[in-house]
1. Between the range 1-58 and the range 74-116, what is the separation of their alpha carbon centroids in Å?
2. In whole angstrom, and with the biggest value first, how far do the Cα coordinates of the chain range along each principal axis?
3. Hey, what number do you get for the chain at 222 nm if only DSSP H runs of n ≥ 4 count, each worth -39500 (n - 2.57), divided across all residues, to the nearest 500?
4. Starting from the amide H of Gln2, placed 1.01 Å from N in the peptide plane, find each other amide H under 5 Å away whose residue is 5 or more places distant or on another chain.
5. Given the options Gly86, Gly36, Gly57, state which has the largest fluctuation in a GNM of the chain using a 10 Å cut-off (strictly under) for Cα springs.
6. Using amide H atoms built in the peptide plane, which far-off residues or other-chain residues are under 5 Å from Arg102 H to H?
7. When the chain is modelled as a GNM with alpha-carbon springs shorter than 10 Å, which of Ala62, Ala107, Ala70 fluctuates the most?
8. Alpha carbons only, please: Rg and Dmax for the range 1-79, in angstrom.
Amino acid sequence: MQKHIAVQEGSFDPAGEERLLREGNPRIGAVVTFLGLMRDINDDDKISTMTLEHYPGMTEKALDAIVEEAAERWDLEGIRVIHRVGELLPEDPIVMVMVGSRHRGEAFRACEFVIDYLKTRAPFWKKEQTAKGERWVDARHSDKDAEAKW
């Protein structure tokens, strides 16, 4: 299985990432992509910027473990995970999980699994800038609930 994991400051091109996943692998019959974008609102507060921090080295290892677990559970041809760090603006892409498999069922389940686990198991920290000042974003109960279903 082909895999690519990146934690980066710069943006990325989802179409180009899909091409990299599919090229040279005619066994892929389905590609499922999750693309997370920065919203300009959280808990009814207007957000002007968000800063994402991570623990270099540890974050990539955590993402790799999540990808490996998905590959053990489903018959996959490839997974690409890209997560941004640094300062982001509303509408900026934050995270992309792309899964290629022979059949759509595995691709859908694996993609959902990876993003659910990423939200709770990868060491990222978010700080939002609002009109009231800066604040660190706490983990959501809904993220833990999503992880627990697996």
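1. Comparing the Cα centres of the range 1-58 and the range 74-116, I get a distance of 6 Å.
2. Its Cα atoms span 51, 32, 29 Å along the three principal axes.
3. Numbers: 4 runs with 51 residues, N = 150.
Result for the chain, helices only: -10500 deg cm²/dmol.
4. Close amide H contacts, sequence-distant or interchain: Gly78, Ile79.
5. Taking springs between Cα atoms under 10 Å, the residue moving most is Gly57.
6. For Arg102, whose amide H was placed from the backbone, the distant partners under 5 Å are Gly29, Glu77.
7. Result: Ala62 has the largest fluctuation of those listed.
8. Spelled out, the Cα radius of gyration and Dmax of the range 1-79 are 15.7, 46 Å.
Read-outs throughout are calculated quantities, based only on the coordinates presented, and are distinct from any laboratory measurement. If you're wondering where the values come from, they're calculated on a predicted model, not measured in any experiment.
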